[in-house]
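Some notes on the structure that comes next.
The values are calculated or read from the model by the stated rules, or taken from the named source; none is laboratory data. It should be emphasised that the depicted structure is a prediction, and the values quoted were computed from it without experimental measurement. For neighbour counting, all protein chains shown are included, and Cβ atoms are generated from backbone atoms with ideal geometry for every residue, glycine included. These area figures cover heavy atoms from the full protein model, side chains too; ligands, DNA and RNA do not enter into them. Shrake-Rupley method; radii C 1.70, N 1.55, O 1.52, S 1.80 Å.
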Amino acid sequence: MKRTVAKIFIMAAMLVSLAAVSSAQAASITVGNDASPRPLLDTFSNFTVIDTNHPVSADGFLTEFSYYAANLNPFRFVVFDDGDAIQWVSNEITPPAAGVNSYTPPSPVPVLAGWNIGAYFASTGTIPYEPVTAATCNSEAGLECYAFYTSTDSGSPLTNIGSYLDSNWSEPRRYSFAATGSTDVPPPATVSVTVIKYLAGTWADGGSANNAEFPMYETGSDKTVSGGSAGSFFLGPTGLNSANPYQATVLDMAIGASYSAWEDTSQNIVGKTCSDGQTYQLVGYTTGDEIAEAAGKTPTAATPSFTNLTGNKVIIVWNKVCAQSDVAAGNNIISRPELDADKNFALIDTNQPVTADGWLTTFSYYAANQNPFRFWVVDQNLIVQWVSDEIIP
């Protein structure tokens, strides 16, 4: 079931509202319940929940999240507007220990009164909940006392930032998480720039990108992902200064620093166009203060460049997948009469080399027995480029 949408806030209206608040005296804001232990834990996995018991108390910025972890399963916090549209998703969080923990987002999260928080659980539930009775709800006037949640394996909210969450289930329950902040954004001591890879319109992961690594160049007046004032890095399945795949973050840059990053289209992975022969094409870049803002813009060819940084920034590098012809190597799979008598040795068959640049995704073979072996890939100079895991037919 989906909750009725009371009204839709756009980013411009939100910023105007928060700007008006910041001119007044700052006050604390809260959302959510508390980080107490609770008796029940979700058995769903790869799903998202919204807790509407205690909405955001006033317009402002959330600066710290607290939660009770029943286990060490990874999860993400999610912020929803009052119509259940996803406005912000945290980095992946792995609890350091069971019990009460806290999470500080890289930059304050802007919110409006009436919004709610929730969580996405990559596996089964991490944060416990308890049922809320009608008597408890009635004793707390004006509170909805419900949690709304999606079906198991409904997917990550990262692919739906700015969209409404289609919640299939609801129950009167209360989760062990909360967030606090201020009606005025605190000035940052340092700033950061986060660079993220989007492939075919969504955040890349190891599966969608075949674990490819995308080369990037960067310059910065203070520091860079690679540590100096200029250098290179890769956006790949293992994040840099981040637990998220295909994300790299420059940490602790001084206020007033400058930074620029762009994709290297001269290698064999990404081209300026698909006619260049690479697997992917650079579509362009978008930027913003938050991931949701950058993800909602149209990519342009302009190289992302910031000067006099006074707050955190996000760069999204957008690629598309080029149409590829089939790639093949090796012989046909039939029974043949001879079998090697040597052992602990390697061989290279050069009868049918790889037909084109690309990716090998499936290996086939005829097994005369069940002895373990590994496939090798070698280049034209017989230098080993890849070795498979051990295979037992």
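Return the only residue of Ala248, Ala329, Ala261 being farther than 30 Å from Ala368 by Cβ, touching a Leu at 6+ places or on another chain (Cβ under 9 Å), surrounded by 12 or more Cβ atoms within 10 Å (Cβ to Cβ) and of a type in the set (Gly, Ala, Ser).
Ala248
Cβ-Cβ distance below 9 Å, separation of 6 or more or different chains: which pairs start in segment 183-212 with a residue that is farther than 30 Å from Thr63 by Cβ and modelled with pLDDT of 90 or more and end on one that is of a type in the set (Asp, Glu) and open to solvent by 20 Å² or more (accessible area, probe 1.4 Å)?
Leu199/Asp205
Tell me whether segment 114-121 contains one or more residues that are farther than 16 Å from Ser170 by Cα and outside any loop (DSSP other than H, G, I, E, B). Write out each step before concluding.
Let us first name the residues in segment 114-121 that are farther than 16 Å from Ser170 by Cα, namely 114-115, 121.
Checking which are outside any loop (DSSP other than H, G, I, E, B) leaves us with 121.
So far as segment 114-121 goes, yes, one or more of its residues are farther than 16 Å from Ser170 by Cα and outside any loop (DSSP other than H, G, I, E, B).
Just wondering, is there one or more residues in segment 303-321 that are out of contact with any strand residue (DSSP E or B) (no Cβ under 7 Å at 6 or more places or on another chain), in contact (Cβ under 8 Å) with a residue 60 or more places away in the chain and not β-branched (Val, Ile, Thr)?
Scanning segment 303-321 turns up no residue that is out of contact with any strand residue (DSSP E or B) (no Cβ under 7 Å at 6 or more places or on another chain), in contact (Cβ under 8 Å) with a residue 60 or more places away in the chain and not β-branched (Val, Ile, Thr).
Within segment 274-294, work out how many residues are closer than 15 Å to Gly201 by Cα and open to solvent by less than 30 Å² (accessible area, probe 1.4 Å).
7
Can Asp342 be described as acidic (Asp, Glu), open to solvent by 90 Å² or more (accessible area, probe 1.4 Å), part of a loop (DSSP other than H, G, I, E, B) and farther than 30 Å from Ser208 by Cα?
Against the criterion (acidic (Asp, Glu), open to solvent by 90 Å² or more (accessible area, probe 1.4 Å), part of a loop (DSSP other than H, G, I, E, B) and farther than 30 Å from Ser208 by Cα), Asp342 qualifies.
Within the set of pairs 6 or more residues apart or between chains, which connect a residue that is under 20 Å from Phe373 (Cα atoms) inside segment 338-359 to a residue that is outside any loop (DSSP other than H, G, I, E, B) and modelled with pLDDT of 90 or more with Cβ atoms less than 8 Å apart?
Ala346/Trp376; Ile348/Trp376; Ile348/Val378
May I ask you to say which residue of Thr219, Thr180, Thr194 is under 22 Å from Phe77 (Cβ atoms), open to solvent by 40 Å² or more (accessible area, probe 1.4 Å), in a strand (DSSP E or B) and among the hydroxyl-bearing types (Ser, Thr, Tyr)?
Answer to the check: Thr180.
Can you name the residue in segment 243-266 that is more than 14 Å from Val191 (Cβ to Cβ) and part of a loop (DSSP other than H, G, I, E, B) and is also modelled with the lowest pLDDT among such residues? Break it down stepwise before answering.
So the first thing to find is which residues in segment 243-266 are more than 14 Å from Val191 (Cβ to Cβ), and the list is 243-248, 260-266.
Filter once more, keeping what is part of a loop (DSSP other than H, G, I, E, B): 243-246, 264-266.
Details: Ala243: 85, Asn244: 90, Pro245: 94, Tyr246: 96, Asp264: 95, Thr265: 94, Ser266: 91.
The qualifying residue modelled with the lowest pLDDT is Ala243.
Go through segment 65-81 residue by residue and tally those that are open to solvent by 30 Å² or more (accessible area, probe 1.4 Å) and in contact with a Gly (Cβ under 7 Å, 6 or more places away or on another chain).
Selection size over segment 65-81: 1.
Identify all residues within segment 94-123 that are under 20 Å from Pro37 (Cα atoms), crowded, with 16+ Cβ neighbours inside 10 Å and touching a residue at least 60 places away in the same chain (Cβ under 8 Å); write none if there are none.
Within segment 94-123, Asn101, Ile117, Gly118, Ala119, Tyr120, Phe121 meet the criteria.
Pick from Gly271, Gly227: which is open to solvent by 40 Å² or more (accessible area, probe 1.4 Å), free of Cβ contacts under 8 Å to residues at least 60 places away in the same chain and of a type outside the set (Asp, Glu)?
Result of the check over Gly271, Gly227: Gly227.
Could you list, ordered by first residue, the pairs with Cβ atoms under 7 Å in which the first is in segment 371-386 and farther than 15 Å from Asp349 by Cβ and the second is hydrophobic (A, V, I, L, M, F, W, C) and at pLDDT 90 or above, at least 6 apart or interchain?
Taking only residues 6 or more apart or on different chains, the pairs are Pro372/Ile391; Pro372/Ile392; Gln385/Val377; Gln385/Val378; Trp386/Val377.
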